[in-house]
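Just below is one structure, and these are the notes that go with it.
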Amino acid sequence: MTSFQSAAGAQGRQFAQQADFLLQQGGFDLGKPVLLRDVGVEIDREAVSPRGRTVWFEYKGSIQGVRPGLIRTDTLKKAIANGALLNALPNHPPYVVLTSHLPTTGAALAMLAAARQLGYFDDVICIYDPVQAERLREL
């Protein structure tokens, strides 16, 4: 079990580096993680867009595995819970989830659709899809 957890942690760090690189290449000024004690949420990265807008990013990705990124329902549920909790904060910055993989079928796809309809995310972007990554320019 330890080697699985170690590999998962290493892959998560590698994905975070890739997400940071994508944001930097897009002109974002990267800040630090943000701990929001009032709602019990830690934001992976606060960044300022080229337009001067503060954005909160959550990173959910991996480069390997049978169910990487938001395909894993437990990973998706954590992002959904964070989005729901953030809605308790008035006037919070946009909350954007950057992922390696989006669900295409099943329960995970249904959960993601419901969370989007409820407004828990300002966007969910697969960083390996150039069309989706292009949406970062709108922030």
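Worth a mention:
- Residue in region 72-88 that is outside any strand (DSSP E or B), free of Cβ contacts under 8 Å to residues at least 12 places away in the same chain and under 26 Å from Q25 (Cβ atoms) present: no
- Taken together, the criteria exclude Q14 from residues that are closer than 26 Å to L109 by Cα, at pLDDT 95 or above and polar (S, T, N, Q).
- Taken together, the residues in region 24-46 that are under 12 Å from the mean Cα position of the chain (by Cα) and surrounded by 14 or more Cβ atoms within 10 Å (Cβ to Cβ) amount to 4.
- Qualifying residue in region 53-67 (condition: modelled with pLDDT of 95 or more, in a loop (DSSP other than H, G, I, E, B) and more than 13 Å from the chain's Cα centre (by Cα)): yes
- The single condition among (1) under 20 Å from Q14 (Cβ atoms); (2) outside any loop (DSSP other than H, G, I, E, B) that Y128 does not satisfy is (2).
- Hits in region 24-55 - residues which are under 15 Å from L136 (Cβ atoms), β-branched (V, I, T) and in contact with an Asp or Glu (Cβ under 7 Å, 6 or more places away or on another chain): V48, T54
- From the options L102, L112, L98, residue that is closer than 21 Å to W56 by Cβ, in a helix (DSSP H, G or I) and under 15 Å from the mean Cα position of the chain (by Cα): L112
- Cross-chain or 6+ apart pairs with Cβ under 9 Å, region 10-22 first and assigned to a helix (DSSP H, G or I), then exposed (fewer than 15 other Cβ atoms within 10 Å of the Cβ): Q11/Q64; D20/L30
- Subset tally (residues that are in contact (Cβ under 8 Å) with a residue 60 or more places away in the chain and aliphatic (A, V, I, L, M)) for region 94-139: 5
- Residues of region 54-82 satisfying the condition of being closer than 18 Å to G119 by Cβ, surrounded by fewer than 22 Cβ atoms within 10 Å (Cβ to Cβ) and of a type outside the set (V, I, T): K77, K78, A81
The values are calculated or read from the model by the stated rules, or taken from the named source; none is laboratory data. What you are looking at is a predicted structure, and each value in this text was computed from that prediction instead of being measured. Cβ atoms come from the backbone with ideal geometry, glycine included; neighbour counts cover every protein chain shown.
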